[in-house]
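Read the structure below first, then the notes.
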Amino acid sequence: MKHVAFGVLFLSCALTAVAGKVDPVYQHGGLAIRGYDPVAYFQQSQPVKGSPQISHQWMGATWQFASTENLDRFQAEPQRYAPQYGGYCAYAVSKGRTASIDPEAWKIVDGKLYLNYSKGVQKKWEQDVPGYIQKADGNWPSLHK
């Protein structure tokens, strides 16, 4: 575990050292976004837990959905709904690392879904969203398989 200091605030971000490249999609128990429905962030403007009965395999992970309509939308345009950086923490990727995510720490920017490790990390990331996205966009290709 690595501790990242921000003034007097210390965030324990569990950043993964990049010794090798990570899978293209962050998975927890084989599930992308910890089982949350990626389409719901766009359609319902909130995180919604998906159902194991409504799932789809894509990019080596199982994606779950709250409805068959959301599954259909995802199957038609997975790149539109899948989170950026394979669903790894956007802030961590901006720092050249990867970290797990909290599905409740999210933001849609310019039609793209970004997830973060925690709501605390999300607040830090929101201090310079364009800058962190630019850095993460540059780092992401060298971090994943």
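For residue 54, list long-range residues whose amide hydrogen, built 1.01 Å from N in the peptide plane, is under 5 Å from its own amide hydrogen.
Here 65 satisfy the definition.
At 1.4 Å probe size, with the rest of the protein present, what percent of the exposed accessible area of the chain is carbon and sulfur atoms?
Working: 3610 of 7250 Å².
Of the solvent-accessible surface of the chain, carbon and sulfur hold 50 percent.
On a 1.4 Å probe surface of the protein chains, which of 140, 106, 63 comes out largest in accessible area, and what is the full order?
Values: 140 35, 106 60, 63 5 Å².
Largest to smallest exposure gives the sequence 106, 140, 63.
Just one of (1) 36, 16, 13; (2) 28, 15, 14; (3) 25, 16, 14 is semi-axes √(5λ) of the Cα gyration tensor in Å as worked out from the coordinates here. Which one is it?
Only one option fits the structure, namely (3).
In degrees, nearest 10, range 0 to 90: what is the angle between the Cα axis of helix 129-143 and the longest Cα principal axis of the chain?
Its long axis makes an angle of about 80 degrees.
So for the chain: antiparallel DSSP bridges make up what percent, rounded to the nearest 5? List each step's numbers first, then the result.
On the way: 18 of 20 bridges.
Approximately 90 percent, going by the DSSP bridge assignments.
Which residue, 78, 103, 56, has the largest displacement toward the positive end of the dipole of the chain when charges sit on each Cβ (Lys, Arg +1; Asp, Glu -1)?
Of 78, 103, 56, it is 103.
May I ask you to give the solvent-accessible area per residue for segment 29-145, in square angstrom, as obtained with a 1.4 angstrom probe? Mind dumping the intermediate values first?
On the way: 5390 Å² over 117 residues.
For segment 29-145, the solvent-accessible area averages 46 Å² per residue.
The values are calculated or read from the model by the stated rules, or taken from the named source; none is laboratory data. This is a predicted model, so every value here is computed, not measured. When we count neighbours, we look across all protein chains shown, and the Cβ atoms used for this are built from the backbone with ideal geometry, even at glycine. Keep in mind that these areas ignore ligands, DNA and RNA; they rest on the heavy atoms of the full protein, side chains included. Shrake-Rupley method; radii C 1.70, N 1.55, O 1.52, S 1.80 Å.
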